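Notes follow once the structure below has been shown.
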Amino acid sequence: MARRPRGQETRERILAVALKEFAARGYAAVTVEEIAAAAGVTKGAVYYWFTDKDDLGRELQHELYERLGNVALRALDPDGDIVSNIRRSFESYLDALGDLDEARFFLRDAWVIPALDEGGRRDHEDAVATVRGILARAADRGEIVALDPDALAHILTGAWAEATLYVLRTGERAATIAVVEHLVEALRPPIPAATRRAGAHPRAGSGPRAR
């Protein structure tokens with residue numbers, strides 16, 4: 001396995017130490033000097049990679065959510081329908097969120113830190129754009145009800161964000177998954193009356209989740 005560049009290893013160590021310090025003492029209480037000392041590097045090394053503590057915090061927040069997003073994407077089934085895939089991705093995402101341990105404390109605090117808002121908004125808008133494309137294609141295929149893709153993408157992504165915050169604050173993953181999955185199921189097109197009279201099988205993904 002190829003070794004990472006030495007400078008990149010230093011950057012990753014700074015981020016890892018910063019996360020521990022932020023989780024243990026709170027974002028506001030930690031200084032760049034303390035992060036540098038705990039990481040065993042000079043303050044100049046921290047400033048080489050990050051403009052200031054807020055820049056470091058935004059990058060840390062971005063990397064954590066990127067990791068969670070990748071988990072959600074890997075949960076997608078190429079042969080699955082869009083609603084089942086949204087449910088599957090969301091459950092995998094929340095499971096991964098619960099496994100982040102100390103990172104959850106930092107992410108919870110980051111929601112109310114104005115200095116970290118800018119990076120979070122950019123990530124959110126990127127997510128909205130991705131979700132919009134997925135939903136628009138699903139609507140064209142008749143997999144979901146015909147709704148405005150922009151409005152649906154913003155509202156669905158906003159619900160995902162609020163669900164994330166709720167879990168960060170309460171740890172209630174099971175209840176959150178149940179609520180989101182109930183809402184997502186409403187995106188399925190209604191079964192035509194003639195099909196219901198013919199005794200159609202239940203729609204895919206509408207039954208209890210397998211364990």
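What angle do you read, to the nearest 10 degrees and between 0 and 90, between the alpha-carbon axis of helix 117-140 and the longest principal axis of the chain? Helix 117-140 and the main axis of the chain meet at about 20 degrees.
Local charge for E34 was computed over the other residues whose Cβ lies under 12 Å away, with Lys and Arg +1 and Asp and Glu -1, and equals +2.
In a fully extended conformation the segment linking K20 and E102 would gain 28.8 nm over its present Cα-Cα distance, using 0.36 nm per residue.
Projecting the Cα positions of A129, A37, L73 onto the charge dipole of the stretch 1-133 (unit charges on Cβ atoms of Lys, Arg, Asp and Glu, taken about the Cα centre) puts A37 furthest along the positive direction. Return one number: the angle in degrees, 0 to 90 and rounded to the nearest 10, between the long axis of the Cα atoms of helix 173-185 and the longest principal axis of the Cα atoms of the chain. Its long axis makes an angle of about 40 degrees.
Rounded to the nearest 10 degrees, the inclination of helix 82-98 to the longest alpha-carbon principal axis of the chain is 30 degrees. Here the stretch 148-168 and the stretch 43-63 have alpha carbon centers that stand 28 Å from each other. Once both labels are positioned 7 Å from their Cα atoms along Cα-to-Cβ, the gap between E33 and A174 label points is 4.9 nm. Sort out for me the Cα centre separation of the stretch 85-104 from the stretch 110-142, rounded to whole Å. For the stretch 85-104 versus the stretch 110-142, the Cα centre distance is 17 Å.
For the chain, the dipole from Cβ point charges (+1 on Lys and Arg, -1 on Asp and Glu) about the Cα centre works out to 640 debye, to the nearest 20.
Read-outs throughout are calculated quantities, based only on the coordinates presented, and are distinct from any laboratory measurement. Bear in mind that the values here come from a model prediction, so they are computed numbers and not experimental data. Using ideal geometry, Cβ is built from the backbone for each residue, glycine included, and neighbour counts are taken over all protein chains shown.
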